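All remarks here apply to the structure that follows.
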Amino acid sequence: MLSGALLLVAALATPQPASPALPTSPPGAPVERVTFKQAVDRALAQNPTVQEAAAEVLRAEALVVQARSRTLPNLAVNGQYTRLDSARTFGSQVFTPAGVTTANGTASVPILDLVSWAAWAHSLDNRKIAELSVADVKRRVALAAANAFLAIIARHR
């Protein structure tokens, strides 16, 4: 009796092709009974829209980290070694040795970077929107699953 509710919940919670072919159990097969909470939990766990919304939160978090990275100090280091065939000399004076090592580095700290700060704030807002979207999608899927479950129970009574 309740396996029909599970099928209807799955049908409402996932997008279906143009001609849906719902799985049917063979005659005489035991019917899986699910509670109201199990039906809603399964719909939330298996719905691709909920999974997509959760992945969007992860994407938004990565964009926050990327935007924040532009406001952090930057360090660049460069090194070079040049080996000549022999030392360059003039008389007994060596002007250039056979091996020359050079190194340099730069460090920069953005003191006033309004564009990066605005991008960081914008990405924080987008992350909050993505988190709210997950809550909204879960609420809608749970509501659809609950309505389907209750409709089937009402129909059987």
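Read the figures in this text as sums done on the coordinates, not as results from a lab. Just so it is clear, the structure is predicted and the values come from calculations on it, not from any experiment. All Cβ positions, even for glycine, are placed from backbone atoms using ideal geometry, and neighbour counts span all protein chains on display.
What the table shows:
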item: Karplus (6.51, -1.76, 1.60) ³J(HN,Hα), θ = phi - 60°, over the range 94-106, in Hz, Gly and Pro reported as x; result: 8, 8, 9, x, 5, x, 10, 10, 10, 8, 8, x, 9
item: Charge dipole of the range 36-157 about the Cα centre (unit charges at C-beta), most positive-ward option of THR96, SER116, TYR81; result: SER116
item: Cβ-derived FRET efficiency at R0 25 Å, LYS128 paired with ARG70, nearest 0.05; result: 0.80
item: Quotient of C-alpha Rg and 2.2 N^0.38 Å, computed over the range 46-157; result: 2.31
